[in-house]
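The values are calculated or read from the model by the stated rules, or taken from the named source; none is laboratory data. Small disclaimer: the values here were computed from a predicted structure and weren't measured. FYI the Cβ positions are ideal-geometry reconstructions off the backbone, even for glycines, and counts take in every protein chain you see. Side chains included, ligands, DNA and RNA excluded: accessible areas come from the protein's heavy atoms. Shrake-Rupley method; radii C 1.70, N 1.55, O 1.52, S 1.80 Å.
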Amino acid sequence: MSLNYGIIGTGMMGCEHIRNLKQIPDVNISAIADPNENSRAWGMSACGDIFKPQQYTDYKELLKREDIDVVVVASPNFTHIDVMRDIFDTDKHVLLEKPMCTNLTDGLEVLEMSKKHKGIVWIGLEYRFMAPIQSVIDHASEVGNIKMLSIREHRFPFLEKVDNWNRFNTNTGGTLVEKCCHFFDLMNLLVPSKPIKIYASGGQDVNHLNEQYNGKKPDIIDNSFVLIDYEHGQRALLDLCMFAEGGTYEQEIVLTGDKGKLETHIPGNELVITNRKDYSYKTLEVNPDSRVKEIGFHHGASYIEHLELINCIKSGNKPLVDSQSGLDSIILGLAAQQSITTGNPVNLKDFLNEEYEL
Ligand SMILES: NC(=O)c1ccc[n+]([C@@H]2O[C@H](COP(=O)([O-])OP(=O)(O)OC[C@H]3O[C@@H](n4cnc5c(N)ncnc54)[C@H](O)[C@@H]3O)[C@@H](O)[C@H]2O)c1
């Protein structure tokens, strides 16, 4: 069974998807859609000699194509809701880039519509498929009862995007939604309890301070500490700094239980497992997934994401990363953004106002 793809949005991430799909057998890209001429040219260049897609300025024309089985949505965050509403009028499978949406109302709508949709709805939270993170997931039971999770991301500032859409909260949902939904997704995966309260402190202190777009200054934060309390007493911490380029690691993850802890970092190829009982630790080599044929910007995780999505389509299985995961990850980001704005902790039950239960 070969699969025919359409790509909506051929900026940085759309082109990464194209390069991944080029390495996968029995896949064709027969259409790309992007209103921006330069981006369409990037998309065509990424296709090279492998795919010869039809180009569209309006994604709605692409969606009319009966021959397209799978759509990849890699347009800016604020466009996701409208694109998804139109995709829900079709039966097509979809890989929707993270963050699923920029606000709770839209997220709830996508979740509800996904339940009725005939095709698979897969959310692009591919950090799960990075080998060091996969190793933490695989070995999580070795720490005993999980008590604490700490995720640190210290990296370079937000890159320039087409039409600078990522400089404003209204377009992205805020830094903690746009960037950090990946980490909240990992917290949701690893901590075996419901998040109940979230407190965040953050600000825009170094980056984009002298930029202006149509007379407006960017309002996106560049650093934050986010603390989450869980129903069964666990705690998680996100430490984000986006003016920390040049370090050895971009992400460091520590999962601690009552018996020991796991530590890993990205980039990297090791997992350190500490055992409290005998004061010992061992270092396991983390081997990259041997299926990866395209490393891309995400250490091969986007490639695995595509393979797993194709497996689900072919086997009729449910998506490994579904709309519920997409929604749960943005809820933590949105609540953290609210905490920064108000200066107060956010009780997640109040935040969700009985519209949804985590
Ligand atoms: N999974 C990840 O790790 C990851 C990494 C980077 C970006 N992303 C996500 O991918 C999406 C795209 O980000 P990017 O970095 O490629 O941005 P980008 O600015 O490089 O590309 C976005 C493209 O979408 C196009 N576009 C705008 N409106 C459109 C519409 N209505 N229909 C079709 N195309 C439209 C723009 O012209 C641009 O070419 C965002 O949602 C972003 O959060 C995910």
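Quick one: which strands (runs of 3 or more DSSP E) lie wholly within the stretch 1-72 and hold at least 1 residues that are within 19 Å of residue 298 (Cα to Cα) and touching a residue at least 24 places away in the same chain (Cβ under 8 Å)? Spell out the reasoning first.
Values: elements: 3-8, 27-33, 54-56.
Result: 3-8.
So, of the residues in the stretch 199-244 that are β-branched (Val, Ile, Thr) and under 15 Å from residue 166 (Cβ atoms), which turns out to be least open to solvent (accessible area, probe 1.4 Å)?
220
Go through the stretch 249-269 and give me each residue that's in a loop (DSSP other than H, G, I, E, B) and over 15 Å from residue 286 (Cα atoms).
At the first step, the residues of the stretch 249-269 found to be in a loop (DSSP other than H, G, I, E, B) are 249-250, 258-259, 267-269.
249, 250, 258, 259 - these are the residues of the stretch 249-269 that are in a loop (DSSP other than H, G, I, E, B) and over 15 Å from residue 286 (Cα atoms).
Can you find a residue that is small (Gly, Ala, Ser), within 15 Å of the ligand (Cβ to nearest atom) and assigned to a strand (DSSP E or B) anywhere in the stretch 113-130?
Restricting attention to the stretch 113-130, the residues satisfying the condition of being small (Gly, Ala, Ser) are 114, 119, 124.
Subset that is within 15 Å of the ligand (Cβ to nearest atom): 124.
Keeping just the survivors that are assigned to a strand (DSSP E or B) gives 124.
Among the residues of the stretch 113-130, at least one is small (Gly, Ala, Ser), within 15 Å of the ligand (Cβ to nearest atom) and assigned to a strand (DSSP E or B), which makes the answer yes.
Within the stretch 282-311, which residues are on the phi < 0 side of the Ramachandran plot, open to solvent by less than 10 Å² (accessible area, probe 1.4 Å) and touching a Phe, Trp or Tyr at 6+ places or on another chain (Cβ under 9 Å)?
Our first condition is that a residue be on the phi < 0 side of the Ramachandran plot; within the stretch 282-311, this holds for 282-295, 297-298, 301-311.
Still in the list and also open to solvent by less than 10 Å² (accessible area, probe 1.4 Å): 301-306, 309.
Within the stretch 282-311, 301, 302, 303, 304, 305, 309 qualify.
Which residues, counting only those in the stretch 83-101, are open to solvent by 20 Å² or more (accessible area, probe 1.4 Å), under 25 Å from residue 169 (Cα atoms) and more than 7 Å from the ligand (Cβ to nearest atom)?
If the condition is that a residue be open to solvent by 20 Å² or more (accessible area, probe 1.4 Å), under 25 Å from residue 169 (Cα atoms) and more than 7 Å from the ligand (Cβ to nearest atom), then 85, 86 are the ones that fit.
Where the second residue is aromatic (Phe, Trp, Tyr) and assigned to a helix (DSSP H, G or I) and the first is over 11 Å from residue 117 (Cα atoms) and without any contact (Cβ under 8 Å) to a residue 40 or more places away in the chain and lies in the stretch 79-91, which pairs have Cβ atoms under 9 Å and are six or more apart or on separate chains?
Partner pairs satisfying both residue conditions: 86/59.
Looking only at the stretch 14-29, which residues are open to solvent by 30 Å² or more (accessible area, probe 1.4 Å) and within 16 Å of the ligand (Cβ to nearest atom)? Show your work before the answer.
Residues of the stretch 14-29 open to solvent by 30 Å² or more (accessible area, probe 1.4 Å): 19, 22-23, 25-26, 28.
The answer is 19, and nothing else.
How many residues, within the stretch 262-317, are within 16 Å of the ligand (Cβ to nearest atom) and more than 20 Å from residue 148 (Cβ to Cβ)?
Going residue by residue through the stretch 262-317, those that are within 16 Å of the ligand (Cβ to nearest atom) are 266-267, 292, 294-309.
So of that shortlist, the ones also more than 20 Å from residue 148 (Cβ to Cβ) come out as 267, 292, 294-309.
Of the residues in the stretch 262-317, 18 are within 16 Å of the ligand (Cβ to nearest atom) and more than 20 Å from residue 148 (Cβ to Cβ).
Within 30 Å of residue 263 (Cβ to Cβ) and either surrounded by fewer than 23 Cβ atoms within 10 Å (Cβ to Cβ) or not assigned by TED's automatic domain parsing to the domain that holds residue 193 (or both): does that describe residue 135? Can you show your working first?
Working: within 30 Å of residue 263 (Cβ to Cβ): yes; either surrounded by fewer than 23 Cβ atoms within 10 Å (Cβ to Cβ) or not assigned by TED's automatic domain parsing to the domain that holds residue 193 (or both): yes.
So residue 135 passes the test.
Please state which one of 166, 145 is touching a residue at least 12 places away in the same chain (Cβ under 8 Å) and open to solvent by 10 Å² or more (accessible area, probe 1.4 Å). Don't jump to the end; show me each part of the working.
Working: 166 fails: open to solvent by 10 Å² or more (accessible area, probe 1.4 Å).
When all the criteria are applied, what remains is 145.
Would you be able to say whether some residue in the stretch 305-314 is over 25 Å from residue 11 (Cα atoms) and in a loop (DSSP other than H, G, I, E, B)?
Scanning the stretch 305-314, I find no residue that is over 25 Å from residue 11 (Cα atoms) and in a loop (DSSP other than H, G, I, E, B), so the answer is no.
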